[in-house]
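Enquirer: Dropping a structure here in structure tokens format, bear with me for questions.
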Amino acid sequence: MDLLKECAGAGSIGISTHIRPDGDAVGSSMALYLYLKKRCPDAEIKLFMETPPDCFRYLKYFGDIDSTYAYDKPFDVFFVLDTVPDRLGEAEKFFEGAKKKINIDHHISNKNGCGDVNVVRPEIGSTSEVLYGLLDEAYLDTDIAVALYTGIIHDTGVFQYSNTTPQTMRVAARLMEFDFPFFKIIEESFYQKTYLQNQILGRALMESIRFMDGRCIVSCVDKKMMQFYNVEPVDLDGIVNQLRNIKGVNCAVFLYETGLMEYKVSMRSDEMVDVSKVAAYFGGGGHMRAAGCTMKGTVHDVINNLSLHIEKQLKEKEVCTTES
Ligand code: 5GP
Ligand code: MN
């Protein structure tokens with residue numbers, strides 16, 4: 001896709017990403033916003049998303065993010081990054097009403113894309129890395145590099161997950177040439193947690209339960225617990241990764257209560273389980289090793305339903321390993 005051709009003649013361009021934006025969502029959409037500001041100076045360009053977590057405030061144009069969604073004309077071009085339409089929240093109306101819809105993503109659960117023009121690359125670790133491939137090198141600058149680098153480190157777990165490729169490292173190396181404090185970005189946006197975030201992490205670890213001979217682990221945080229520690233859903237990021245890091249665990253499940261008999265589910269796995277399939281079955285999506293969905297029922301119903309699917313995959317893998 002040629003970004004400039006797609007935007008040629010557009011008077012208004014909108015950009016958005018998924019609700020509860022994470023590093024890749026914030027980084028990729030901010031990078032595209034800054035790039036298009038440079039390349040399409042005559043167009044009105046708007047960047048919409050729910051207010052991102054404070055740890056991303058180092059992004060220089062953080063203040064340009066519009067979380068009020070106040071705009072009443074149809075956009076000539078509307079980009080959605082790192083998502084499918086049903087996770088756009090309030091921006092879904094802009095996407096549906098846009099004259100041209102463009103989707104840039106890397107979720108395997110969004111294989112065909114949802115736009116008139118689609119660039120969906122499930123083999124690439126982050127939407128930020130996908131986007132890098134669409135930008136003209138000559139127009140990169142430090143602010144764009146910081147945004148892209150943010151997205152890449154968040155979706156690869158700082159170059160640790162299996163979605164990190166030699167190309168990811170080449171892109172990161174190129175971005176580092178812009179000479180920004182990458183170590184501070186990694187520390188402050190990825191690793192550092194507030195005291196309360198650490199406390200609820202500790203509580204979730206303590207109350208976790210292992211099953212299937214320790215190959216699966218689950219933990220749940222309810223609303224009361226969130227009130228007690230005075231935390232919001234964004235403060236729970238990272239808990240599922242910590243559960244997944246436990247020796248012997250193939251699949252970690254973390255739930256938090258979003259409403260009456262309703263839970264947000266986050267799953268992480270190793271090569272033994274494809275959690276994108278489990279999440280897709282329950283109406284969600286994601287990647288093979290990291291996926292999520294929202295489920296209704298009691299916490300026990302939710303865990304039972306998920307574990308049936310996880311167990312089935314583990315058993316199938318076992319048969320394969322014994323046979324080979
Ligand atoms: P997390 O567990 O960190 O919320 O999400 C893990 C991955 O699954 C991310 O790539 C995220 O975009 C995706 N994901 C999480 N929840 C949902 C959901 O409800 N629907 C879809 N389509 N994807 C989800
Ligand atoms: Mn992503």
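The values are calculated or read from the model by the stated rules, or taken from the named source; none is laboratory data. Here the structure is a predicted model, which is why all the values come from computation and not from measurement. Here Cβ is always computed from backbone atoms with ideal geometry, including for glycine, and neighbour counts include all displayed protein chains. Ligands, DNA and RNA are excluded from the accessible area calculation, which covers all protein heavy atoms including side chains. Shrake-Rupley method; radii C 1.70, N 1.55, O 1.52, S 1.80 Å.
Enquirer: Among the residues of segment 29-54, count how many are assigned to a helix (DSSP H, G or I) and crowded, with 19+ Cβ neighbours inside 10 Å.
Expert: To start, the set of residues in segment 29-54 that are assigned to a helix (DSSP H, G or I) comprises 29-39, 54.
Next, only the ones that are crowded, with 19+ Cβ neighbours inside 10 Å stay: 29-36.
Count: 8.
Enquirer: OK, next. Got a number for residues in segment 212-237 being touching a residue at least 60 places away in the same chain (Cβ under 8 Å), touching a strand residue (DSSP E or B) at 6+ places or on another chain (Cβ under 9 Å) and not charged (D, E, K, R)?
Expert: Number of matching residues: 5.
Enquirer: Going by what's in this entry, would ASN305 be described as outside any loop (DSSP other than H, G, I, E, B), surrounded by fewer than 19 Cβ atoms within 10 Å (Cβ to Cβ) and within 16 Å of ligand 2 (Cβ to nearest atom)?
Expert: Here the answer is no, as ASN305 does not meet what is asked.
Enquirer: Quick check on segment 100-111. Is at least one of its residues in contact with a Gly (Cβ under 7 Å, 6 or more places away or on another chain), more than 16 Å from ligand 2 (Cβ to nearest atom) and over 17 Å from GLY27 (Cα atoms)?
Expert: yes
Enquirer: Being open to solvent by 50 Å² or more (accessible area, probe 1.4 Å) and in contact (Cβ under 8 Å) with a residue 24 or more places away in the chain is the filter; apply it to segment 272-286 and report the residue that is nearest to ASN163 (Cα to Cα).
Expert: LYS277
Enquirer: Cβ-Cβ under 7 Å, sequence separation 6+ or interchain: first residue in segment 7-25 and assigned to a loop (DSSP other than H, G, I, E, B), partner of a type in the set (S, T, N, Q) and open to solvent by less than 20 Å² (accessible area, probe 1.4 Å). Which pairs?
Expert: HIS18/THR83
Enquirer: Same structure, new question: Could you pull out the residue among MET212, MET206 that is open to solvent by 20 Å² or more (accessible area, probe 1.4 Å) and on the phi > 0 side of the Ramachandran plot? It would help to see each step written out before you state the result.
Expert: Working: MET206 fails: on the phi > 0 side of the Ramachandran plot.
Testing whether each residue is open to solvent by 20 Å² or more (accessible area, probe 1.4 Å) and on the phi > 0 side of the Ramachandran plot leaves just MET212.
Enquirer: Report, by residue number, each residue of segment 137-171 that is more than 11 Å from ligand 2 (Cβ to nearest atom), in contact (Cβ under 8 Å) with a residue 60 or more places away in the chain and of a type in the set (D, E, K, R).
Expert: Once the filter is applied, which keeps residues that are more than 11 Å from ligand 2 (Cβ to nearest atom), in contact (Cβ under 8 Å) with a residue 60 or more places away in the chain and of a type in the set (D, E, K, R), segment 137-171 yields ASP141, ASP143.
Enquirer: Another one. Can you name the helices (runs of 4 or more DSSP H) wholly within segment 82-178 that have at least 2 residues being within 24 Å of LYS5 (Cα to Cα)?
Expert: Details: elements: 92-97, 127-132, 142-155, 166-176.
So the answer is 92-97, 127-132, 142-155.
Enquirer: Let me ask you something else. Mind checking which strands (runs of 3 or more DSSP E) fall wholly inside segment 226-296 and carry at least 2 residues that are in contact with an Asp or Glu (Cβ under 6 Å, 6 or more places away or on another chain) and small (Gly, Ala, Ser)?
Expert: Working: elements: 251-259, 262-269, 290-296.
Fully inside segment 226-296 and qualifying: nothing.
Enquirer: Then there is this: For segment 1-58, name all the residues that are among the β-branched types (Val, Ile, Thr), over 16 Å from LEU135 (Cα atoms) and away from ligand 1 (no atom under 15 Å from the Cβ).
Expert: ILE13, ILE45, THR51
Enquirer: Further question: Of all residues in segment 87-108 being surrounded by fewer than 18 Cβ atoms within 10 Å (Cβ to Cβ) and touching a residue at least 40 places away in the same chain (Cβ under 8 Å), which is farthest from ligand 1 (Cβ to nearest atom)?
Expert: Across segment 87-108, the extreme among qualifying residues is LYS100.
Enquirer: When you go through (1) surrounded by fewer than 23 Cβ atoms within 10 Å (Cβ to Cβ); (2) within 12 Å of ligand 2 (Cβ to nearest atom) one by one for VAL117, which number turns out not to apply?
Expert: Every listed condition holds for VAL117 apart from (2).
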